[in-house]
Amino acid sequence: MSRTSNAKRNIVSGILIQLITSLLGFINRTVFIHYLGANYLGLSGLFTNILSVLSLAELGIGDAITYALYKPLAENDNQKISILMSFYRVTYKVIGIIIFCMGICLLPFLKYLINFDIAIDINYYYIYILFLFNSVISYFFFSYRISLINAAQKNYLLLPYNMFFTVCSYILQMIILILFKNYYLYLLIPICSEVIKNYSLSKKIKKEFAEIDFNTKDKLMKLERKKLIKNIYALSMTKISSIIYSSSDNIVISAFISTTLVGYYSNYTLIIGVVTMCTNILFNSLKSGIGDLNVMVSIEHKKKVFNRILFANRWIYYFFSICLFELLDMFISLWINIDYTLNKSTVFVIVLAFLIPGLNYTVSIFKDACGLFWQTRYRTLITAIVNIILSILLVQFLGITGVFIGTILAYLLTIYTIDPIILFNEVFESSPISYYKELLKSVIGYALVFIIIHILCSYFQNITLLNLLVRFFICCLVINFLFSIINWKNNDFIYYKNKFFKHGHL
């Protein structure tokens, strides 16, 4: 099957499961808030992010192995694949032990990160231990084999398993909450589900790749091991940046403002996370294909593909960012309660924190698919340091809004200025000046569309389901209409337009 066919299947299957699990996630969150309240919600958000930071111990090994698998998969080199998977299996168990030990060592410091406005009867140590088990369990139960599915662009094979176990887990959690209102039992469900799912998946993957010996005793050659470790080291820097960028906000909010406020913010991140996951599925499904292109086609063709993906990337993220800003508050007010909403300036910077990394997504996937890990190893560490310093500094003066402004500034000052330069120099052998010019032009067009949409939506202020639907249709119809007018003569827009009218689909 061609990489195009695999990419399409991965996109459709990925988005399908994301929509179904997101719907169940909303129902689960509604039941959670009704029976346990915002304090437990804040604690969940805090511990999830603490353990995300601890997962830095994974050090990008998964991405490095996936990249290393591209060539042997293309050449049907089963011996090399077996050796890589065996290396990954052993390494992942070591990582699991490291994360668990680090998590236990953090126990005495939890009291400095948890900050409730009033005294509440919650044993957060027990809760944290359950979160820790949920975080490390996959390192010991065959999850390393999933990298082989990812590298082979056969993610669609995971769909039935992910769907079944996610649905069952959500349903059982809701039953536990309704019948017992017990948070400890609630947290045990995903732990058990993860073990059974990984065991079932491992059998499926072993059958799909019957020719692969996952327990081979053969070792990587010294030169190959050195190259792989070099990529792992470089990716570890990238991992540090991305995890701290996405996970430190909740920790800073909890420590300096309120753990309960983390719960309010988590409702926004739940919705934004659904959008992010869908867009990630769309673009990540192209990564393996881009990796193939990098070694098979000319620079001119690679740049053409880059520009087409970049155009779609910007359109999608501009569209979703405007929708999120105009719909989030009203949706949360109708879904839970207006008391769970944040002020408009905070929502604006939250949406910006979604938009800015999103606009860089094409650069990121090309950089990773082309193996440019080593070249970006230091800028990621700088991003992490700048992010922590600015967020802690600005939270003193601007509160929760300052945390997100610090995160945004860190991304702009480092990743936005460095990654395009490295990509264009290494892959396209040209200057990124044209990229930055097009980015600036697109931002100006986006700002004009945003102002028009905001004015139109301001006529529907009352919190009603009808007004939410009206705003939704304004966003869907007017945004895409205005973007079409702005980009009518753009070559990449013409390409997509011709593809659509010729085939009825992109």
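Considering only residues of the stretch 452-464 that are surrounded by 10 or more Cβ atoms within 10 Å (Cβ to Cβ) and not hydroxyl-bearing (Ser, Thr, Tyr), which is farthest from Ile336 (Cα to Cα)? Filtering the stretch 452-464 for residues that are surrounded by 10 or more Cβ atoms within 10 Å (Cβ to Cβ) and not hydroxyl-bearing (Ser, Thr, Tyr), the one farthest from Ile336 (Cα to Cα) comes out as Ile452. Of the residues Leu477, Leu482, only one is in the same structural domain as Lys367 (by TED's automatic domain parsing) and without any contact (Cβ under 8 Å) to a residue 24 or more places away in the chain; which? Exactly one residue qualifies, and that residue is Leu477. With respect to Val12, determine if the residue is modelled with pLDDT of 80 or more, in a helix (DSSP H, G or I) and aliphatic (A, V, I, L, M). No, not satisfied.
In the stretch 333-344, the residues that are under 15 Å from Leu270 (Cα atoms) form Cβ pairs under 6 Å with partners that are among the acidic types (Asp, Glu), at six or more places apart or across chains, as follows: Thr341/Asp329.
Counting only helices (runs of 4 or more DSSP H) that sit wholly inside the stretch 89-207, not one has at least 2 residues that are among the basic types (Lys, Arg), surrounded by 18 or more Cβ atoms within 10 Å (Cβ to Cβ) and at pLDDT 85 or above. Scan the stretch 176-234 for residues that are more than 29 Å from the chain's Cα centre (by Cα) and farther than 30 Å from Gly371 by Cα and the total you get is 5. Checking each residue of the stretch 87-109 against the condition of being of a type in the set (D, E, K, R), out of contact with any helix residue (DSSP H, G or I) (no Cβ under 8 Å at 6 or more places or on another chain) and under 22 Å from Thr48 (Cα atoms) gives no match. Within the stretch 408-421, restricting attention to residues that are β-branched (Val, Ile, Thr) and at pLDDT 90 or above, the residue that is farthest from the chain's Cα centre (by Cα) is Ile421.
For the residues Leu390, Leu394, Leu423, the requirement of being buried (at least 19 other Cβ atoms within 10 Å of the Cβ) and in the same structural domain as Phe348 (by TED's automatic domain parsing) singles out Leu423.
Of all residues in the stretch 469-501, those satisfying the criterion of being surrounded by fewer than 16 Cβ atoms within 10 Å (Cβ to Cβ), closer than 26 Å to Glu326 by Cα and either among the hydroxyl-bearing types (Ser, Thr, Tyr) or more than 29 Å from the chain's Cα centre (by Cα) (or both) are Val470, Ser484, Ile485, Trp488.
Here is a yes/no grid of residues against (1) closer than 30 Å to Thr464 by Cα; (2) of a type outside the set (Lys, Arg); (3) buried (at least 20 other Cβ atoms within 10 Å of the Cβ):
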site	(1), (2), (3)
Ser333	yes, yes, no
Ile336	yes, yes, no
Tyr340	yes, yes, no
Ile350	yes, yes, yes
Tyr361	no, yes, yes
Phe366	no, yes, yes
Thr376	no, yes, yes
Val403	no, yes, yes
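The values are calculated or read from the model by the stated rules, or taken from the named source; none is laboratory data. All values reported here derive from a predicted model rather than from experimental measurement. Cβ sites come from the backbone with ideal geometry, for glycine too, and all protein chains shown count toward neighbours.
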